[in-house]
Amino acid sequence: MLAANWPIPLAVAAALGGALLIVVGLWRRAHPLSPVQRGAIAALQVAMLVLVVILLWQPSLSIDRVTPGTNTLAILVDDSASMGFSDHGKRRIDQVREWVESSEVSGLSDHFTIELFRFSDDAQAVSDLSELRAEDDASALQSSLQQLMRRSASNALGAVLVFSDGQDTAPISSALADLSSWQIPVHTVGIGREQVPEDVGIADVQLPPSLSPGSQLRARITLVHGGAGLARVTVSQSGQLIAVEEVPLGAGSRTSAWLDLPLPDTGYHELTFALEPSATDSNLANNALTRMLEVAPRARRVLYVEGEPRWEYKFLRRALRDDPSIELVTLLRVSPNKYYRQGISDAAELEAGFPTDRETLFQYHGIIIGSIEAASFTDNQLNLISDFVAERGGGLLMLAGRSGLGQGGWGNSLLAGALPTELPPAQRESFARQRWPVQRTAEGEQSSVLRLSNAPGGDSTLWQTLPELADYQELGALKPAATQLLSVKVNGAAQPLMVRQPYGRGRTIALATSGTWRWQMSLPVEDQRHETFWRQLLRSLTSEARDAFELDVSTEGSTLNLRAEVRDASFQPRATGTVNATISGTTVSQVTLSPVVGEAGVFTAQIPLAGDGAHFVEAGPGPTGKSSDEPAARAALFHAGKRLERVSLAQNRAGLTAISNATGGRYFMPNELSELSQAITSTSAGITETQILPVWDAPLLLLLLVLLKTTEWLLRRRWTVI
Amino acid sequence: MTQKPSATTLLYSAIALLCALLSSQSSRADPDAAPIQPPVTADAEFVFARVAFTTNQMRGGRRASSLWRTDYPDAEHHFLSGVRRLTRVDADPDGHILTLNSDEVFDYPWLYAVEVGGWHLDIDEARRLREYLLRGGFLMVDDFHGSLEWAGFMSTLSRVFPDRPVKDIPDSDPAFHVFYDLDQRTQIPGIMPLRGGRTWERDGFEPHWRGVYDDDGRLMLAINFNMDMGDAWEHADWPEYPEPLTALAYRFGINYLMYAMTH
């Protein structure tokens, strides 16, 4: 911080005033010099004046420095297995020992009391560097730093110096903000190469935890690598090869790709994704990854309300006829005062028409509204539908029709906010029976909902050869959160056909046609495109709908985390009662979940894992976690904790830099350790003292003053005015 | 004294007469060709599509080429008025005529054919009709009577479905309960036999509601044998045609339509 004996405005005023006097003085009286020459003299004289003002102003620098001997410097060394990797023939952990013992680091003891720590799962104090092993299968960098910060409450921690490759096996989303709040700088020294081009590994595979029979199975695989190339991925199920894919690797360090896989039979399956290693691959531990998949019929009930008999209704029902995962219950208005029900579970279902209470409506997982006016529903029913989507997580699909979407007044209804587009007003005739071909948007081509084939390139052909739709209805402008998946070319201009958006916990979809039935009637009876489209659309529609008892399982390090949400029939959180779980597989345990304070209806538990492998969890409300027939919920996962540490051997410089930047520290490369002392001792953290360093008495400034005056004298002599 | 015409004159006269007779035959417009309308995109959800077909049936010594036009157009006009008044179906008021030798048929998921005792479908038409019904289409056939016409109908139907049986539609079938509950099995006659004091034609004494089902139990083809619903619709505004029979014919027709649009 700059300081001075008198205020800056006064110094500026003095300099400006003096400069003005000089300029006026040179120009007012007659002078043998030309204007250019007078300008040069004026500039030199003003420069001298400014320099004199600066010297008289006596500026100085104010620096906070740690008070020697009163603060602690925590040196935190990464002791995870990745530090045992060798770069340039030397183990990383051995290099760190040398740097910590070097004079640049050991010399910091002149200003700090140095405390040494190692971290893997957590931070632990060590007495000397011989305790470092580089064998642990975890690198919890962020949580270890948080642990150190919490210690600073009892001692004056001036700074933290971290030696690490930056890979964090248990990152915390809020860690940077938390670390920043402590206002203790964390300086990081990056260990290891930033690119390890010979290592190609699998970083992650995303699979849906559960699918219904007949679904499309797609996996998202992410590979880490050191540059462009080609990776060969094999997928095995219970040791049997089911797919081989070649994944082109981009120029960066991470590449993701979709893999289309055959769906196994009903039951739990271990799917192993493996990379064929290259001859130079130095890290084979990250070449395979296993995920669990459950294939189980999980019937989702969808309520379809239609305002008039029409072909789309008939063919939609036919398309779902053989799909055990969707139970379609329909309420069709066949005459002004008569409704026809189909797919009902008993005679009483929907006997009174569309549901009027949460308990009844929330039994369904999805709602389809066809060509029926918004005015046919009461305000209560419209609010119920909104809550159904937002709170229950159900899906809402709106179909086109002469009384649907805009023409049905939905754009001005209580449900308008949930819809993905700004529908045209009811007075405008937005629905027309004109035929148009359908096409996918770029987002639609990536969406698994619209996949009609797993054959390479086959999907595009199948979409391009679909018959025209029978009709189309304008949807209006898309809302900001909406995604358009399908479009039609109306008079040469692409118009939205299928648009969806998230709404609360669920989603809403607008399909601007009631004419997909032409796909069924215009294609051979063996063609299943119409059926596939509707089955996948309704599965997607209902995929977010939560059940009254929901179970989430995850692992963090070597801990299994269970989280259950319990709701009553009206889908309100049920805070009372117990939740029990039974774990089987590699770890065997029975546990009672504890209610979470502040989150009604939420119960959690943490179970230490016995080791890597498949784990199965059954849970439910009650004493045993199992009802007499079936548990309330089941889940499975494959734990491979040791693998995380070896996913990538490259230094995560970005992660280390982010920590330093967030905390006011600095990132160093090992060859910059000589700058450590200056950076670490200049801090406002811990116990500090302020040093004042004057800058006005620098010899350079006096020399400059003499030089300016001499230059002016020489110029005047040259121009023979002296 | 009157001179006898010469042989040459007689010959020329005979030739002229023959030519006149032939031209009178050809000048009569061929109804099989004339009224087939070009494909249209109707501005309605439901279009009553009447099937025009060729026939090998002879009537009065001549091929009865216009069998399919029986009751046209009043039958569908009256029926559609009832559909529009009694249901929420968005029905085109005029109807449409098409043939089975064009893929246009796939744009009309509901078809009506009359006098099918004399219908003749070639291989291509039979294949197309089979494909149409299996994809989800529905056909209602009507107004054919007696064992001879049944044999003629089945002769063609066996080309469409060689291995699917024709069954009696049971009383419990949803087709008889989807809109109206149809418990009456009353023979709906044509106006001509009614004038003769009977409800049957030829040896078609008993009415039969029969059908062909798909593998999932859906009624694809509704066969109204020994009855004439088309006449009941056509003569809805004739005082001499009993109103209860017209009403019943409307109910059956609406049920078939509603069934086709829901199953």
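Across region A:303-376, the relative contact order, built from alpha-carbon pairs under 8 Å that are at least six residues apart, equals 42 percent. The mean sequence separation of alpha-carbon pairs under 8 Å and at least six residues apart, normalised by the residue count of region B:161-213, gives a relative contact order of 50 percent. Projecting the Cα atoms of B:Trp200, B:Pro170, B:Thr246 onto the charge dipole of region B:161-263, computed from C-beta unit charges around the Cα centre, puts B:Trp200 farthest toward the positive end. In this structure, A:Glu373 and B:Ser81 have a Cβ-Cβ separation that, at R0 = 25 Å, corresponds to a calculated FRET efficiency of about 0.55. Using the Karplus relation 6.51 cos²θ - 1.76 cosθ + 1.60 with θ = phi - 60°, the per-residue 3J(HN,Hα) values for region B:141-150 come to 10, 8, 6, 9, 9, x, 5, 5, 5, 4 Hz, with x marking Gly and Pro. The residues B:Arg185, B:Arg128, B:Arg69, when put in order of fewest to most other Cβ atoms within 10 Å, stand as B:Arg185, B:Arg69, B:Arg128.
Over chain A, what is the mean sequence separation of C-alpha contacts under 8 Å (at least six apart), divided by residue count, expressed as relative contact order in percent?
17
Rounded to the nearest 20 debye, what is the charge dipole size of chain A about its Cα centre when +1 sits on each Lys and Arg Cβ and -1 on each Asp and Glu Cβ? Roughly 2880 debye for chain A. Among A:Trp713, A:Trp719, sorting on how many other beta-carbon atoms sit within 10 Å of each Cβ, with the fewest leading, yields A:Trp713, A:Trp719. Cβ-to-Cβ counts within 10 Å put A:Ile221, A:Ile114 in ascending order as A:Ile114, A:Ile221, the fewest first.
Placing a label point 7 Å from the Cα of A:Lys338 along the Cα-to-Cβ direction, the residues of region B:62-102 whose backbone N falls under 14 Å of that point are B:82-89. Taking 0.36 nm per residue of sequence separation and removing the Cα-Cα distance, the A:Glu351/A:Thr604 pair yields an extension gain of 87.1 nm. Against the longest alpha carbon principal axis of chain A, how many degrees, from 0 to 90 and to the nearest 10, is the axis of helix A:653-663 turned? For helix A:653-663, the angle is close to 70 degrees.
Placing +1 on each Lys and Arg Cβ and -1 on each Asp and Glu Cβ, with no other charges, gives region B:146-260 a dipole about its Cα centre of roughly 220 debye.
The simple Förster model, with R0 at 51 Å and r as the Cβ-Cβ distance, assigns A:Ser102 and A:Asn561 a FRET efficiency of 0.75.
Axis angle, to the nearest 10 degrees, between helix A:92-101 and the longest C-alpha principal axis of chain A: 30 degrees.
Farthest towards the positive end of the charge dipole of region A:172-293, among the residues A:Leu217, A:Pro264, A:Thr290, is the Cα of A:Leu217, using unit charges on the Cβ of Lys, Arg, Asp and Glu. Here region A:336-426 is treated with +1 on each Lys and Arg Cβ and -1 on each Asp and Glu Cβ, and its dipole about the Cα centre works out to around 300 debye. The angle between the Cα long axis of helix A:8-28 and the main principal axis of chain A comes to about 60°, on a 0 to 90 degree scale.
What separates the Cα centres of region A:250-305 and region B:126-164 is a distance of 51 Å. Using R0 = 22 Å, the C-beta based FRET efficiency linking A:Gln495 and A:Glu429 works out to 0.90.
The label-point distance for B:Ser147 and B:Glu206, in a model that sets each label 7 Å from Cα toward Cβ, rounds to 1.3 nm. Cα gyration tensor of chain A, axes a ≥ b ≥ c as square roots of the eigenvalues: rounded (a/c below 1.5), prolate (a/b > b/c) or oblate? Cα axes put chain A in the prolate bin. Projecting the Cα atoms of A:Ser335, A:Ala319, A:Tyr304 onto the charge dipole of region A:286-365, computed from C-beta unit charges around the Cα centre, puts A:Ala319 farthest toward the positive end.
The helix-based estimate of mean residue ellipticity at 222 nm for the protein assembly as shown, built from -39,500 (n - 2.57) per DSSP H run of four or more residues and divided by its residue count, is -8000 deg cm²/dmol to the nearest 500. Number of Lys-Lys pairs in the protein assembly as shown with C-alpha atoms under 27 Å apart and a separation of 8 or more places or on different chains: 5. Within the protein assembly as shown, antiparallel bridges make up roughly 70 percent of the DSSP beta bridges whose residues both belong there.
Bear in mind that the values in this text are calculations on the coordinates, not laboratory data. These numbers were taken from a predicted model, which means no experiment stands behind them. Cβ: placed from backbone, ideal geometry, glycine included. Neighbour counts: every protein chain shown.
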